[in-house]
Each structure stands twice: as C-alpha cells, then as structure tokens.
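The values are calculated or read from the model by the stated rules, or taken from the named source; none is laboratory data. Quick caveat, the model's predicted, so the values are computed rather than measured. Methodologically, a virtual Cβ is constructed for each residue, glycine included, from the backbone with ideal geometry; neighbour enumeration extends over all protein chains shown. We work out accessible area using only protein heavy atoms, side chains counted, and drop any ligands, DNA or RNA first. Shrake-Rupley method; radii C 1.70, N 1.55, O 1.52, S 1.80 Å.
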Amino acid sequence: MRRILLSTVKILISAALLYFSLRKINLADLVSRLNVSSLGWIGLAIVVTFLQIFVGVLRWREISAECGAPLETRQAMRFNVIGTFFNQTLPSSIGGDAVRLWLVARAGAGWRAATYSIFVDRAIGLIALAIIIVASLPWSYRLITDPNGRSALLLVDFAALAGGVGFLVLGILPWPWLKRWWGTHHVHACAVIANRVIFSRDRGPKIAVYSILVHVLAVVIAWCVVQSIAAPVMFGQVFQLVPPVMLITMLPISIAGWGVREATMGLAFGYAGLMTNEGVNVSLLFGAVYFIVGAFGGLVWIFSAEKAAQGAAPIEVPE
C-alpha cells in the first residue's frame, strides 16, 4: 500500500507540473515548427543519446570491476539500454537503476556487488555534474541576472557538491563504528570504493573523462533539440542551463523526470532572460528523445533472456 501511495504521489506531481508547464506553451505552434529538417536533428539527438549510454557503460564497467561485479561491454550496454526503458515506465527518474541492479545480480554478481556498482556509479555521476556546474558558475552568473535564479542555482549545486564531498570523506574516516553499525556499513563501503576508483592512477582519469563526457553529451542532445525547432538559444546558454536542470531532475519525485524537467527548464530559461515557453518546448522534445530511446530498450527487454527466464533461477550471493 505504501508503494502504491508513493507511486500515486509521483504521478500526481508529474501531472500537476506538466499541466502548469504546458499552459505556458502553444502545442499547435510547436508542432508547426517541426519539419523534415527537424526530424534530422531529432534523429541526431537519438544517436547521441545512444552514444551517451555507451559512455556511461564504459564508466560503469570500471566501477563494477572494482565492486567485484565485472561486466562485458556488450552485456553492460544491454543492461543500460533496458534501464532506459524502465526509467520511462517506473515512478522515478532512477527507476532503471533498480532493474540494472536486478540484472547484474542475476548475472552472477550477487545483490551486494550489484548494489554497490549502481550506487557508486550514480554517486560519481552526481559529483561530476556538481563539479561541472561549479566550474561554469562565472558564466552562469552573468547569464542569470535574476537574484532568485542565482540563489536557487547556488543552493542546488552546493547542496549536491556538499553531499558528494561528504560521501567521499565518509570513505576515509577511520572510525570503526562506521563499519559495524548497520546504518552506515554499506554506505561506508561504497564510499571506500568510490575513493579507490576516483583516485586510482589507472581508473581515475578514465572515470573523470567518462563522467564529464556523459553530461556534455546531455547538453549536445539538448542543443540538437534546440536546433530542431530553431529556438533562439545559443550553445553556450544551453551548456549553462541544462546541467542544473538535470541535477534537479534526478530527484526521484516524478515519473521519469516528466513535469519536474519542464517546470525547471522553463524557470531556468526565464531566469536567463530567455522565453519561458522555449524552455518548456526544449524540455518536452528532450524528454521525447529519451522516450524513443527507452522504447528501443523495451524491445531489448522483451526479447532478452532475462525476461524469458522470469526470475526462475535463484540469485547466488558470492562470498
């Protein structure tokens, strides 16, 4: 019952935010701006999205190997593509992570290693996103002149950065109770792995490049969407506005980020002195690109061996 209520709340949040966001745009005008050239840009955005998923796979493989859950590139790509489908269908923007966890555990890694690999991968991605936003603050401050917009940007980014730094610090604290108490044992173990991965001479540079590239590709996807409707927005503006929106969209309070992304993108465009309706338009098409990619993931899932097995085999937990 609690899960049903939580899912219902998330659906209502998405619906309410979408309703208020869609009131700011003219859907007929948006459709009229789509043409053959638009389809080319949308197609390019879909290709870049698959590239983004592949780069995420490369990072996840490095992290999973450190967690004791080694993955082949093809296998990890398949799991990630399936995850994009469940990101669109489960009541959360991170719903696909639960499915990836299940797939990795069933592949032989066990629950603990699978959970650690997903959690550390998410944490490192969040830290990288916060760092990118901090690094672009000098330009963002010039773009966003509204005091409320600046305050919101600083609050969200530094909260994420503080959480990420705190997570890494947790991994180097020498307090024995962190390893014994059930409330901190697994989080501490993940923090230790994250530190080992990030500061490794071998894996660290690769993880940094992959993490930054994942978020840069998200900006490129948004830029392709901007071009598809000839919105009057420059690439530099997209680069400064999209990462903070993606950071807020990661909050698991809606269905696949729908509603939250549109409301936040509209606000971000407004704070930057751009047209609010263009922010919502870009966000809708951005979400549509991920929805199309998620549909491909659904086909992969339907024809996958894991779907056919339907969980018949028990999940082993390696010692």
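Tabulated values for the structure
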read-out	value
Using θ = phi - 60° and Karplus 6.51 cos²θ - 1.76 cosθ + 1.60, couplings along segment 279-288 (whole Hz; Gly, Pro as x)	x, 5, 4, 4, 5, 4, 5, 4, x, 5
Highest-MSF residue in the chain out of GLU262, GLU66, GLU306 [GNM, Cα springs under 10 Å]	GLU306
Solvent-accessible area of TRP102 with every protein chain in place, 1.4 Å probe, in Å² to the nearest 10	70 Å²
Highest-fluctuation residue, PRO70, PRO205, PRO244 considered, GNM on the chain with Cα pairs under 10 Å	PRO205
Cβ-based net charge around VAL104, under 12 Å, with every Lys or Arg adding one and every Asp or Glu removing one	+1
Inter-label distance, nm, simple model (7 Å from Cα along the C-beta direction), ALA162/ARG122	2.1 nm
Whole-angstrom gap from segment 233-271 to segment 111-167, using each part's C-alpha centre	13 Å
Highest-MSF residue in the chain out of SER200, SER21, SER38 [GNM, Cα springs under 10 Å]	SER200
0 to 90° range, to nearest 10: angle between helix 111-135 axis and the chain longest Cα axis	40 degrees
Label-point separation in nm, ALA295 to ALA230, each point 7 Å along Cα→Cβ	2.6 nm
Computed [θ] at 222 nm, deg cm²/dmol, the chain (DSSP H ≥ 4; -39,500 (n - 2.57); rounded to nearest 500)	-25500 deg cm²/dmol
Residue-normalised accessible area of the chain, expressed per residue, 1.4 Å probe, Å²	49 Å²
Approximate spin-label separation GLU72-ALA135, in nm, with each point projected 7 Å along Cα-to-Cβ	3.5 nm
Summed residue charge, Cβ within 13 Å of LYS307's Cβ, Lys/Arg positive, Asp/Glu negative	+1
Angle in degrees between helix 235-249 and the longest Cα principal axis of the chain, rounded to the nearest 10	50 degrees
Two-site FRET efficiency, LEU34 against SER151, from Cβ-Cβ distance with R₀ of 41 Å, rounded to 0.05	0.70
Label corresponding to Rg/Rh (Cα atoms, Kirkwood Rh) when calculated from the structure given, among (1) 1.09; (2) 0.97; (3) 1.02	(2)
Degrees separating the helix 182-198 axis from the principal Cα axis of the chain, which is the longest one	70 degrees
Segment 174-252 - percent of accessible surface contributed by carbon and sulfur, probe 1.4 Å	72 percent
